[in-house]
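S.K.: Before we start, here is the structure in question, set down as structure tokens.
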Amino acid sequence: MQNLPGTVYGQADPFAATQWSVIVAAGKTQTEPEIASAALAQLCQTYWPPLYTFVRSRGYSTHDAQDLTQGFFAHLIENKIHLRADRQQGKFRSFLLASLKNFLSHAREHEQALKRGGGREFIPFDEARAEEAESLFQTHGLPGGNALAEDRLFERTWAETLLETVLGRLAAAYKADGKENLFENFRTFLAVGADPVPAYSELAARMAVTESTIRSHVTRLRARYREILRAEVRRTVDTDAEVDEELRELLRVLIGN
């Protein structure tokens with residue numbers, strides 16, 4: 001898969017590129033379609049779980065939902081649906097969800113695309129990602145009095161997938177620095193709406209360090225987490241103000257349901 005200059009997949013500065021803008025710009029100018037397709041493919045991998053759970057909420061079986069999700073991405077990229085997108089009319093995930101709804105309403109017409117891309121793998125099928133997506137559906141989307149509505153299920157899965165992606169990248173960064181144990185000891189301080197975090201004094205005693213050292217570790221961990229989170233959100237918006245708006249939306253989805 002092609003790396004995009006200036007993104008977390010290419011150069012070191014994750015704030016340099018806005019992949020959604022790259023996609024929309026290609027639609028307006030018809031230039032560099034390969035770069036736009038690469039940007040879309042990278043973003044689609046992140047959005048696979050929320051789109052899958054939405055399909056499952058429509059009553060499809062596990063395997064049919066997998067096939068439909070893969071088929072949707074194949075349809076999206078092969079038919080260059082992204083070239084019709086207008087960044088001013090909505091967020092990237094809104095564009096994806098609206099496109100998926102349209103695809104599902106004509107699913108019978110796309111029969112050749114339903115078998116995981118019709119034999120053409122625009123988005124490689126990832127068994128681990130599929131299992132995680134199914135787990136999210138089982139947690140939030142099973143029929144019953146507390147089941148989330150379809151759109152809310154999509155938002156919830158989007159939020160949880162985004163945070164898991166950020167945590168994974170942060171864990172990898174700490175591991176690369178030889179500080180994997182530090183990350184495991186302090187990751188609980190990053191949870192949203194979780195149980196109370198351990199007291200600094202408790203951790204200090206357990207790790208045989210001072211409380212001020214614990215405080216420094218937590219401060220640095222949270223700072224790196226915020227940096228990676230903002231970089232991830234920045235992939236689909238244009239300005240810092242929009243990043244802040246997305247972060248508020250993320251928090252609303254996580255604690256407001």
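S.K.: Provide the gained length on full extension for the span Asp64 to Glu242, in nm with one decimal, where the gain is 0.36 nm per separating residue minus the Cα-Cα distance. All intermediate terms of the calculation are to be shown ahead of the outcome.
M.R.: Working: separation 178, 0.36 × 178 = 64.08 nm, distance 3.55 nm.
The Asp64-Glu242 span can extend by a further 60.5 nm.
S.K.: Rank Arg156, Arg215 by accessible area, highest first, at a 1.4 Å probe radius? Kindly include the intermediate steps, with their values, before the conclusion.
M.R.: Values: Arg156 40, Arg215 110 Å².
Largest to smallest exposure gives the sequence Arg215, Arg156.
S.K.: For His106 and Ala172, FRET efficiency with R0 = 30 Å and r from the beta-carbon atoms, rounded to 0.05? The partial results should precede the final answer.
M.R.: Numbers: r = 40 Å, r/R0 = 1.32.
Using R0 = 30 Å, I get an efficiency of 0.15.
S.K.: Can you give me the solvent accessible area of Glu184 with a 1.4 Å probe, rounded to the nearest 10 Å²?
M.R.: For Glu184, solvent-accessible area is about 100 Å².
S.K.: Leaving ligands and nucleic acids out of the surface, order Ile81, Ile214 by accessible area at 1.4 Å, largest first. If you can, show how the numbers build up before the last one.
M.R.: Numbers: Ile81 25, Ile214 0 Å².
Greatest to least solvent exposure: Ile81, Ile214.
S.K.: Can you give the net charge of the other residues whose Cβ lies under 14 Å from the Cβ of Phe183, counting K and R as +1 and D and E as -1? Display every interim value, and only then the final one.
M.R.: Working: positive: Arg169, Lys175, Lys179, Arg187, Arg220, Arg222, Arg224; negative: Asp177, Glu180, Glu184.
So the environment of Phe183 carries a net charge of +4.
S.K.: Right, next: Given R₀ = 41 Å, what would the calculated FRET efficiency be for Phe125 paired with Tyr200, taking r from the Cβ atoms and rounding to 0.05?
M.R.: On the way: r = 45 Å, r/R0 = 1.09.
Efficiency computed from Cβ-Cβ geometry: 0.40.
S.K.: Let me ask another. Under unit Cβ charges (Lys, Arg +1; Asp, Glu -1), what dipole magnitude, rounded to 20 debye, does the stretch 144-257 have relative to its Cα centre?
M.R.: On the way: 17 positive and 20 negative charges, 104 e Å.
In total the dipole reaches around 500 debye.
S.K.: Continuing with the same structure: Taking the stretch 152-221, how much of its Cα-Cα pair set, in percent, is spaced more than 19 angstrom apart? Walk me through the intermediate numbers first.
M.R.: Details: 1016 of 2415 pairs.
When all Cα pairs of the stretch 152-221 are counted, 42 percent exceed 19 Å.
The values are calculated or read from the model by the stated rules, or taken from the named source; none is laboratory data. Note that the structure is a prediction, hence the values are computed from the model and not measured. Neighbour counts are summed over all protein chains in view; Cβ atoms, including those assigned to glycine, are modelled from backbone coordinates with ideal geometry. Side chains are part of the model used for accessible areas, which takes the heavy atoms of the whole protein and leaves out ligands, DNA and RNA. Shrake-Rupley method; radii C 1.70, N 1.55, O 1.52, S 1.80 Å.
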